[in-house]
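See structure below.
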Amino acid sequence: MADGLNAEEVKAAYKAILEHQSVQQALEFIQEDHGNTVAEQIAITEIPAPPFKERQRAEDFQRRLQELGLENVEMDSEGNVYGIRRGSGQGPKIFVSAHLDTVFPEGTDTKVRKEGGILYAPGIGDDTRGLAELLAVVRTLNRANIETVGDIVFGGTVGEEGAGDLRGVKAFFAEHEDIDGFLSLDGPGFDHITYLGTGSFRYTVTYRGPGGHSFGDFGSPSAAHALGRAIAAIADLETPKEPKTTFSVGEVKGGTSVNAIAQEASMTVDLRSNDSAALEKLDKQFLAIVQKAAEAENEKWKDSRITVDIKRFGNRPPASQSADAPIVRIACAAVEAIGGTPALGAPSSTDANHPMSLGIPAVTIGLGGTFGGAHTLEEWHNPADGHLGIQKSLMTILGLVGVKNTSPALLK
């Protein structure tokens with residue numbers, strides 16, 4: 001027994017779902033529809049979606065959702081796009097999404113090329129494949145005329161990558177308090193389930209000082225030297241292996257010339273942990289270091305002109321739930337229903353972090369085919385056996401929301 005959901009209940013529900021004629025037709029259709037899924041994956045990939053500039057792709061995705069007959073398809077003020085497929089109204093309401101944004105800057109060539117059945121392009125997998133699989137699920141539900149018990153909101157979110165700080169999913173849940181469960185379609189491995197969230201704080205730290213000539217003004221404090229003191233101290237931090245807690249100075253900028261005392265120097269810093277207490281502890285240590293570095297540089301030259309500006313631009317909450325939680329067990333049963341073996345993944349940072357931190361059941365489930373080169377210009381995806389990811393997503397959704405006159409919603 002786990003939170004009111006027992007193994008026999010799950011087993012009986014999936015037996016009934018698999019025996020349903022429309023579901024059998026749906027699973028067959030997904031394989032037959034392979035070409036359409038790949039065509040949409042290519043078409044969406046070739047619409048650039050740089051961080052904070054996802055609108056062109058969002059408008060295209062909005063059109064595709066409308067053409068599939070979803071109700072109330074809209075783009076919200078943050079840029080998310082979503083619509084609803086209503087059930088009988090007697091079950092839970094879930095949100096199923098993939099993220100619209102990629103990590104690649106404006107101007108990146110996203111034209112897809114094919115070689116030996118493999119697709120190559122920046123963003124071809126992460127998360128354009130997720131968008132294509134989501135559309136395939138909706139198309140399948142329509143084709144097989146499957147009526148669900150609960151309601152399903154299907155959509156694309158913005159701001160999942162990098163400095164986006166989950167802004168899309170945060171905005172969605174701020175405006176929708178009636179969502180009972182969340183599925184993110186993202187990441188490699190149709191059998192993969194992420195049910196734990198790695199949290200992170202991200203900062204830009206900027207030191208400023210008087211500057212001057214390296215010889216003529218020697219004795220003035222240097223923003224670059226203050227930054228160096230901070231980096232050295234950060235590098236010496238000790239963090240626990242369990243819960244895994246990490247730090248990294250990602251970018252370093254500053255100075256104007258080899259013979260100038262730097263007026264300004266900055267860094268971006270990433271702090272991560274699978275545990276909120278460990279992350280808060282690391283955060284306090286980090287903030288003390290960057291402040292002390294400014295003080296030390298001023299003290300060195302008996303000055304007070306070095307200042308430090310600290311801006312947090314990322315706050316992804318750590319989140320956890322039991323491996324025995326109903327939504328996790330349902331996702332596992334869905335993998336088993338199509339002949340796979342569930343693989344519960346290590347904590348990661350995905351759109352599921354935010355709803356999970358709110359106490360809303362949430363998991364990120366992997367995609368079909370094989371992947372490589374994520375976040376590089378050489379990213380690739382082999383869609384062979386990609387139908388397995390779509391079938392798994394369909395079965396997860398049907399388990400969560402139930403099939404009318406066939407099986408109850410397992411998500412309470």
**Asked** Across the stretch 63-98, what is the number of residues that are part of a strand (DSSP E or B), in contact (Cβ under 8 Å) with a residue 40 or more places away in the chain and polar (S, T, N, Q)?
**Response** 1
**Asked** Is it the case that some residue within the stretch 334-344 is over 9 Å from LYS392 (Cα atoms), of a type in the set (Ser, Thr, Tyr), surrounded by fewer than 24 Cβ atoms within 10 Å (Cβ to Cβ) and more than 18 Å from the chain's Cα centre (by Cα)?
**Response** yes
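Results for (1) modelled with pLDDT of 95 or more; (2) surrounded by fewer than 16 Cβ atoms within 10 Å (Cβ to Cβ), shown as yes or no for each residue.
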site	(1), (2)
ASP283	yes, no
ILE289	yes, no
ALA293	yes, no
ALA296	yes, no
ASP309	yes, yes
ARG312	yes, yes
ALA319	no, no
**Request:** Write out, first by first residue and then by second, each pair whose Cβ atoms fall under 7 Å of each other, whose residues are 6+ apart or on separate chains, and whose first residue, in the stretch 4-19, is buried (at least 16 other Cβ atoms within 10 Å of the Cβ) while the second is basic (Lys, Arg).
**Result:** LEU5/ARG329; VAL10/ARG329
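Report yes if some residue within the stretch 99-109 is of a type in the set (S, T, N, Q), closer than 18 Å to PRO188 by Cβ, outside any loop (DSSP other than H, G, I, E, B) and in contact (Cβ under 8 Å) with a residue 24 or more places away in the chain; otherwise report no.
Looking for residues that are of a type in the set (S, T, N, Q), closer than 18 Å to PRO188 by Cβ, outside any loop (DSSP other than H, G, I, E, B) and in contact (Cβ under 8 Å) with a residue 24 or more places away in the chain, one finds none in the stretch 99-109, hence no.
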**Request:** Find the residue count for the stretch 257-281, including only residues that are modelled with pLDDT of 95 or more, among the charged types (D, E, K, R) and either more than 13 Å from HIS225 (Cα to Cα) or out of contact with any strand residue (DSSP E or B) (no Cβ under 9 Å at 6 or more places or on another chain) (or both).
**Result:** 4
**Message:** Could you go through the stretch 245-258 and let me know if any residue there is surrounded by 18 or more Cβ atoms within 10 Å (Cβ to Cβ), within 30 Å of ALA171 (Cα to Cα), of a type outside the set (Val, Ile, Thr) and outside the structural domain of ASN353 (by TED's automatic domain parsing).
**Reply:** yes
**Request:** Of all residues in the stretch 141-164, count the ones that are at pLDDT 95 or above and out of contact with any Asp or Glu (no Cβ under 7 Å at 6 or more places or on another chain).
**Result:** 16
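Can you tell me which residue among SER214, SER222, SER200 is at pLDDT 95 or above, surrounded by 24 or more Cβ atoms within 10 Å (Cβ to Cβ) and among the hydroxyl-bearing types (Ser, Thr, Tyr)? So that I can check it myself, show each step before the final result.
Values: SER214 fails: surrounded by 24 or more Cβ atoms within 10 Å (Cβ to Cβ); SER200 fails: surrounded by 24 or more Cβ atoms within 10 Å (Cβ to Cβ).
Within the list SER214, SER222, SER200, the selection yields SER222.
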**Selection within the stretch 164-190 - buried (at least 22 other Cβ atoms within 10 Å of the Cβ) and either more than 15 Å from the chain's Cα centre (by Cα) or under 30 Å from GLU336 (Cα atoms) (or both)** = VAL169, GLY181, PHE182, LEU183, SER184, LEU185, ASP186, GLY187, PHE190
**Request:** Among the residues of the stretch 24-67, write down those that are of a type in the set (A, V, I, L, M) and surrounded by 15 or more Cβ atoms within 10 Å (Cβ to Cβ).
**Result:** ALA26, LEU27, ILE30, VAL38, ILE42, ILE44, ILE47, ALA49, ALA58, LEU65
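The values are calculated or read from the model by the stated rules, or taken from the named source; none is laboratory data. These numbers come from a predicted model, not from an experiment. For neighbour counting, all protein chains shown are included, and Cβ atoms are generated from backbone atoms with ideal geometry for every residue, glycine included.
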